[in-house]
Every structure is written in C-alpha cells, then in structure tokens.
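The values are calculated or read from the model by the stated rules, or taken from the named source; none is laboratory data. In this text the structure is predicted, and so the values were computed from the model without any measurement. Cβ placement follows ideal geometry from the backbone for every residue including glycine, while neighbour counts extend to all protein chains displayed.
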Amino acid sequence: MPFPTKSEGKFELQFKTEKSFAVFGKQYARCYANLDVKGNLTAPDPTGQLTYTVGFKLECGCQSVLGEFKKAYDKTFPSPAADGATQQAEQVQDHDWTGQVLVCLVVPSTSATPRPARGFTHRIPQAQATGGTTTLVSDLAGQPWLEGYALGKGVNAVTGSLSAQALAPFTTTAAVSTNSTTTYTNISSTSSVDQLIDVSASGSYNMDGVTLSGSASYLNQIKQSELDMTILASYQVEYTDYDTINTTGLQFTAPAQQLLSQGNYAQFRSLYGDYYLAGSKRQASFQAVYTISADSEETLTKVQTALGASAPEMFTAEGQATFNSATSSNNVSVNFYLNMQGMPANAPNRPSDPIGIDTVQEYLAWFQQYNVPAPAQAEMIHYSQINPNIPNTLPIDPSVFSAVGSLYFNTYLLQITLNSLPDSWQGSYPAQVNALVSEVMANQGTIVDDPTTLQSLTTQVNALNNELNNINQRYIFIQGIAALQSSEPGVGSSQSQTQTYGSITYNNAANDPAFVIQSTSQNYAEDGHVGHRNHDFDLTPGGVIVQWQLQQVWTDGTDGSWWKNSQSNNSSYILLNTSANVHCESDYDRGFNNTLNVWYVDSSLIPGPITTAATSVAVETE
C-alpha cells in the first residue's frame, strides 16, 4: 500500500567521536542542503554526550526518514578512500554514526474537506418557491399519515402541528380496489440510503419532522458502510385511491366562517392551520430487513458477488437459499428485523415458530391472509380551494424550509450511521444520538421561526454525524489491519531482508485529523567478530501497532537474518499489538545494522475491541 508523502518528528544522531560531530557542526548547512527531499530541519539540540536531536518536516514517509538522513550525511562527508577501496570505506563510515527516529507523525497530504451535503430532494415544491416568500401548493398528496391525524382536521405547514377542524360535517367516499407489490432492494451505497430516507420519511414543508414509529421505523435498523450492507424485502397492500372528503357543498363551521367574513385570516390560520386532511390512503406493509456486517471490504465484496447484481428474492425459497449460501460461506454477521404495519394485534392463527430468517415466508403467508390496511398516506388541500380569499403565501424564505428538511434528513442519517457501528464501538454514542434526536423532535413546532435554534441543531447534528463517520472509518481501517495479520511471518520463521507489514494508509485522514499515526524506531548495530552477534528488539510504542518494519540497513545482503519472537502477551502477531519483539542474528564472523520501525495509533483513538465477525441472527418485530 502507498505511504503518505509527508512526515514530521524528531531524529536522534549518536556519534562515536567528538571530532565527527565537530565536522558535522561546521558543515550542518551543507548537510541540510544535501537532503534529496524538500522539508525543514531544526538546528541540532544536544541531549547527551555525543547525542543530538534534530526536528524535521520532510516530504517523505516515516519509513524513509532514516535513509534520507544517511544519504545527506554521506553526501556531505564523502569517503576519502581511493578508488578500489570504496566498499571498505563505506563500511567504516556506516559505523561513524548511528541514528534513529524518535517520533514521527504522518501528515495528511490534503486538508480536511467537509463531506458533501446530503438532504431531502423534495421538501419544498420548487415551482412554488420564490424570493423571500413561500407559496403553498394547493394539493399535497403522498404525505406521511401521522399519529392523531383524522379526515377534516387542520395541519399547520410551519409547525407541523394538528389544528382544530374548520370544516362543517362532511361525507366521504371510500376507496374500493387494492393491489399488492413485492420489492427487493440492495442498500449498499450512500445514494441508496439517501433515496430510502427520501421516499420513506419526507413530507413537504415542516409537516412530518422526524418520525420514529410506524412504517418508517425500519430506518433505524438500516446499516450501510464499507463493511455493511442491507437487503430490504417488502410486501405491501394498498388501496389504489384515497378515502376522500366529498368537496361538493363543503362548508366551514360557523366560527371559522365568521373569522373569514371578518377578513381575520391570521387568526383563522392560527386556529385551523394551512391545510385540511382531505384524504387518506390505506396500506398494510410487511418489511423484512436483513443486515450483513463483514470483517473486511474484501469479504463484503465476496458476499455481494455471491448475492448477485440484484437483491435476492428473500420471500422465495430460491432467494433465501442464495442468501444463506452467500452469508454462511463468508465470515459475516447477519441481523434480521421484521416490521409489520396493518396487522391486527389479535389476528388469529399466528405461526407457532419464532420469527426469523427461516420462518419469514410462514409469517408472510399469515400476514397476507389477515392484514387490515390502515391510513398510511395523507392528502392535504389548502383552505384557499374552498375560499379563494384565504392567502396561500407565507412570509418565509423557501431556504428556511430547505434547511429544516436537511436537518431532518441528517437526523435520520445520524441513526443509520450509529447503527452501522458495531455495538462494542458505540460507547456513549447511543445516548448522545437519542438525546439529540429528541431535541430535534421537541423543537419541530418552533424551528422554522427560530433561526438560532435551527442553526444550533444543524451544527450539532452535522458534527455528531461527522464524528460517527470518523469512528466508523477508524473501525474499517482497524479491521483492514486485522486482515493483514496473516501476512506476517510465523514466530521463529527466519527472514533475510527488509520486510514491512500492515499499512498506514488511512483513507479518511483528511476528514479525521485527530486520528494521528505516529512512528518510532530502534536501531542496533555491531561490528563483526568471531561467531554470531544477536540482539532482541523489544519496542513498546505506547499505542496499537498498525504497521511495522524490520529494516536491514546494509543493502549488500550481509546483514544477517531475523525472526519474530513470541510477543509479550502471548500473541502471534505484532499488528494490533502494543509491543513488538523481534530477534536479529548476524552472519558468522560478521556485524549487522538493523532498525525496527513501528507505526502506531494511540489506544484512546480506538474506542472498541478488534473484532472478527461471526454469523448470528438477531430478531426484532414491531
């Protein structure tokens, strides 16, 4: 994997003789100039006898810092050896100084960039939005049917609240015919999540707020990330038309008509709202939600390939078999949630088997036999359609409704983002999300006319969304490192060249500057003597290791061999450990010069354990 291109930290130099550093001190500027990479160095800072530290900011990865210093030093102080003695002189110069990187931070190559804005696409009918005034459309169909709704009641477009009934007694016409549809949807991208929220939970203006129950409750179960996907299987029965109020001869009540006769439209609106509920469409829905969580992006891709381009038909034996095969042959966790709307609580002949993936067809057959469609969508008609003198404009800039819609959208998204995190990584976030969602809901009635609260809630929701996204990306990164553990050599397996394991490529670095990947190194060198030289590196960096490298500084193949020891916590792996233990051995009658480089992140930046998914099923119903 590619290394980041910038790093900063401190480098330590240790010289064998004072003379060496005297020469180095005189020509420090030349050594600085001889660096092959761009960057900055500080003046040497004495930290001990013949030991000095240099601060650096270089346009190279942490793994290259030691080599860049060596090249600059050797270029500044070339060996005086004559031709033919170059190799011997270079070996002498190699031992004139030793160096190690004390600390190195990976610097993101790009600055933090806000994530693209996401929001409802039809919160305001665009044809009715002009200047600083919003013109309310006369007929709004397809609105969510909320708790407390009843035909004839009024609804305030600004507050979303129910109002008193302005209509005199009326008659209704009930819809007669029904149809049913079955759909299967793959939810594996942000765009598919956006579309799902847009269709399931968006009303116009400020009508619906954030709804956590009814037909939209399944949204809380959706998971989508680089490691998660959702299959939504839905069976729906609906009437083809609305149950509607007959408009012929429709009149206002005497108190309502009196206000209109007086031209007191503001008081009329205050009491009765902007619209009356003119129709209701009855539906019954059976929604099965299957979430799949993988231990790596590669695993999820395998599952998606096995499932096919389209979502499997989960309500059929063939579709269920495809799903079971794809999920059982890969290391994934499966959760299941069933949401039934329009099913009487006392429906007879309920299946005796518990609800689950294997019994969903049995429950669907039961639902198909006993469901009773209930109002699910509303049609609202503006009062001006009864009396054209009633104003249909509001002194509210359309952008305010757009901002309110974006707040609601991102509040729904907040819950989906939280749900996409493993439980063990959620910590206190569920409480934070629930509190913020409750605050958004509590302010629905006043938020359009309260720009300060609207801005404050928008900022809080966006910030928490971003924080949860970052935690999710950290989890994905750590799971990626876990998948690389198997690339490490086994304990005691002898190696004879420089090797690097793990990765420091965090794709979310620009958006998550707090997730800093640090680096530290240990160097050990000895001259040759009779027999073998041995050394055990035992490096504890102070965090969780995400990449490590045993670097054989000599490049002529005479730097001996090395192997991984058993780690201090009896683990076989250095990756995702908190220490690294490696043994080095020189060739016979030879010295060696080896450096152990370790990249790590502070443990506090990883809020949960490193987990490996296992197939399981959780069932919830509503």
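Name every residue in segment 363-381 that is of a type in the set (A, V, I, L, M) and in contact (Cβ under 8 Å) with a residue 24 or more places away in the chain, in order of residue number. Outline the logic, then answer.
Just the residues of segment 363-381 that are of a type in the set (A, V, I, L, M), to begin with: 364-365, 372, 374, 376, 378, 380-381.
364, 372, 374, 376, 378, 380, 381, listed by residue number.
Condition check ((1) aromatic (Phe, Trp, Tyr); (2) at pLDDT 95 or above; (3) in a strand (DSSP E or B); (4) over 39 Å from the mean Cα position of the chain (by Cα)) across all residues:
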site: 206; (1), (2), (3), (4): no, no, no, no
site: 215; (1), (2), (3), (4): no, no, no, no
site: 218; (1), (2), (3), (4): yes, no, no, no
site: 234; (1), (2), (3), (4): no, yes, yes, no
site: 257; (1), (2), (3), (4): no, yes, no, yes
site: 260; (1), (2), (3), (4): no, yes, no, yes
site: 266; (1), (2), (3), (4): no, yes, no, yes
site: 279; (1), (2), (3), (4): no, yes, yes, yes
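So, in segment 189-204, exactly how many residues are in a loop (DSSP other than H, G, I, E, B) and either at pLDDT below 80 or touching a strand residue (DSSP E or B) at 6+ places or on another chain (Cβ under 6 Å) (or both)? It would help to see each step written out before you state the result.
We begin by selecting, within segment 189-204, every residue in a loop (DSSP other than H, G, I, E, B); these are 189, 202-204.
Okay, now just the ones that are also either at pLDDT below 80 or touching a strand residue (DSSP E or B) at 6+ places or on another chain (Cβ under 6 Å) (or both), so 202-204.
So the answer is 3.
If you go through segment 343-356 one residue at a time, do you hit one that is among the polar types (S, T, N, Q) and either touching a residue at least 24 places away in the same chain (Cβ under 8 Å) or not assigned by TED's automatic domain parsing to the domain that holds residue 189 (or both)? Walk me through how you get there before you give the answer.
Filtering segment 343-356 down to residues among the polar types (S, T, N, Q) leaves 346, 349, 352.
Now narrow it down to the ones that are either touching a residue at least 24 places away in the same chain (Cβ under 8 Å) or not assigned by TED's automatic domain parsing to the domain that holds residue 189 (or both): none.
No, segment 343-356 has no match at all.
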Taking residue 330 as the residue in question, decide whether it is closer than 30 Å to residue 484 by Cα and touching a Lys or Arg at 6+ places or on another chain (Cβ under 6 Å).
yes
Has segment 527-545 got at least one residue that is crowded, with 19+ Cβ neighbours inside 10 Å, touching a Ser or Thr at 6+ places or on another chain (Cβ under 6 Å) and polar (S, T, N, Q)?
no
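Residue-wise test of (1) modelled with pLDDT of 90 or more; (2) more than 15 Å from residue 478 (Cα to Cα); (3) touching a Leu at 6+ places or on another chain (Cβ under 8 Å).
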| site | (1), (2), (3) |
| --- | --- |
| 495 | yes, yes, yes |
| 499 | yes, yes, yes |
| 503 | yes, no, yes |
| 514 | yes, yes, yes |
| 517 | yes, no, yes |
| 520 | yes, yes, yes |
| 526 | no, yes, no |
| 531 | no, yes, no |
Looking at (1) surrounded by 14 or more Cβ atoms within 10 Å (Cβ to Cβ); (2) of a type in the set (D, E, K, R); (3) assigned to a loop (DSSP other than H, G, I, E, B), find the lone condition where residue 350 falls short.
(1)
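Residues to consider are 510, 514; find the one that is out of contact with any strand residue (DSSP E or B) (no Cβ under 8 Å at 6 or more places or on another chain), in a helix (DSSP H, G or I) and assigned by TED's automatic domain parsing to the domain that holds residue 553. If you could, list the steps in order and put the result at the bottom.
Values: 514 fails: in a helix (DSSP H, G or I).
Sole residue among the options that is out of contact with any strand residue (DSSP E or B) (no Cβ under 8 Å at 6 or more places or on another chain), in a helix (DSSP H, G or I) and assigned by TED's automatic domain parsing to the domain that holds residue 553: 510.
Evaluate segment 261-278: report whether one residue or more is of a type in the set (A, V, I, L, M, F, W, C) and without any contact (Cβ under 8 Å) to a residue 40 or more places away in the chain.
In the first step, residues of segment 261-278 are kept if they are of a type in the set (A, V, I, L, M, F, W, C); the result is 266, 268, 271, 277-278.
Next, only the ones that are without any contact (Cβ under 8 Å) to a residue 40 or more places away in the chain stay: 266.
For segment 261-278, residues of a type in the set (A, V, I, L, M, F, W, C) and without any contact (Cβ under 8 Å) to a residue 40 or more places away in the chain: present.
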Can you pull out every residue in segment 402-435 that is out of contact with any Ser or Thr (no Cβ under 8 Å at 6 or more places or on another chain), free of Cβ contacts under 8 Å to residues at least 60 places away in the same chain and either aliphatic (A, V, I, L, M) or closer than 30 Å to residue 167 by Cβ (or both)?
414, 418, 421, 431, 433, 435
Among the residues in segment 224-244, are any crowded, with 21+ Cβ neighbours inside 10 Å, within 27 Å of residue 507 (Cα to Cα), among the charged types (D, E, K, R) and in contact (Cβ under 8 Å) with a residue 60 or more places away in the chain?
yes
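Among the residues that make up segment 48-61, is at least one of them among the aromatic types (Phe, Trp, Tyr) and at pLDDT 75 or above?
Yes, that holds for at least one residue.
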Which pairs do you get when a residue that is of a type in the set (Asp, Glu), found in segment 546-563, comes within reach of a residue that is at pLDDT below 90, reach meaning Cβ atoms under 6 angstrom, with the pair 6+ apart or on two chains?
559/552; 559/592
Going by the structure shown, is residue 167 assigned by TED's automatic domain parsing to the domain that holds residue 399 and at pLDDT 90 or above?
yes
For segment 436-493, what are the residues that are farther than 25 Å from residue 397 by Cα, among the β-branched types (Val, Ile, Thr) and surrounded by fewer than 17 Cβ atoms within 10 Å (Cβ to Cβ)?
491
Evaluate the following for residue 496: is it surrounded by fewer than 16 Cβ atoms within 10 Å (Cβ to Cβ), over 17 Å from residue 608 (Cα atoms) and touching a residue at least 40 places away in the same chain (Cβ under 8 Å)?
yes
Looking at 399, 438, 384 in this structure, which one is assigned to a helix (DSSP H, G or I) and either outside the structural domain of residue 296 (by TED's automatic domain parsing) or touching a residue at least 24 places away in the same chain (Cβ under 8 Å) (or both)?
384
